[in-house]
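Written below as structure tokens is the structure these notes are about.
What follows draws every value from the coordinates through simple rules; no lab data is involved. Just so you know, these numbers come straight off a predicted model, no measurement behind them. No Cβ is skipped: glycine too gets one built from the backbone with ideal geometry, and neighbour counts run over all protein chains shown.
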Amino acid sequence: MEMDVIKCDYRNIESLIEQHIDELRDEYYDMPLGVVRNTLISEYNYKSRGKLKSCRHFGLNITAGDICYIDFGRAYISEAGYQHFGVVLNVFNGKAFVIPMTSNSEAYRNAYDPENNPSGLKHLYRLGYVEGLYRESVLFLNDGKYINTARIIDVKGHIDVNSSRFRDIRKRFLEGLSI
């Protein structure tokens, strides 16, 4: 889309809407099918959940340590987007601070591990297996952020907040903030 938001002339809103719809249609047809699917799922989730203050509106209560299936929505390059798992580090005023994760085996191989891969990428945290998940997972420590909990689709697992694993995740995340 070639539209410069600062220079938009909002007096002709109908024309802007038509232009946006035409460009969006072209964009969808240019996307790989899997990306179209994920984008449409995110759009549907936004329409049905976007005005909710939290996931409590649909009966879901989350706590720190929960591993959730989350719709992060559209993402810029190098951001976690669409539907991914994530671990909740904190819940505060209806929002959750989450760190997205993946089960991508290449990310797992490349992730830093003090014993098995000391030269690995430090923004990737080897989470390993967690009960409730089917594969080894990796956290994207550099993608942690607060989200409206209405983005959370379901809770799939849990890491005890008093465990050494949870404390290590928090420590590694905070180390990344001070680099």
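Structure notes:
- Added length on full extension, which subtracts the Cα-Cα distance from 0.36 nm per residue, Asp154 to His20: 45.0 nm
- Dmax and Rg, reported as Rg then Dmax, of the chain (C-alpha, Å): 18.8, 61
- The chain, dipole about Cα centre (Lys/Arg Cβ +1, Asp/Glu Cβ -1), debye to the nearest 20: 920 debye
- The angle between the Cα long axis of helix 13-30 and the longest principal axis of the Cα atoms of the chain comes to about 50 degrees, rounded to the nearest 10.
- Cβ-Cβ FRET estimate between Tyr29 and Arg135, R0 fixed at 30 Å, reported to 0.05: 0.40
- The stretch 53-177: relative contact order in percent, alpha carbon pairs under 8 Å with at least 6 residues between: 29 percent
- Normalised by the number of residues in the stretch 16-118, the mean separation of alpha-carbon contacts (under 8 Å, six or more apart) gives a relative contact order of 18 percent.
- Computed from Cα atoms, the angle from the helix 33-49 axis to the main principal axis of the chain rounds to 90 degrees.
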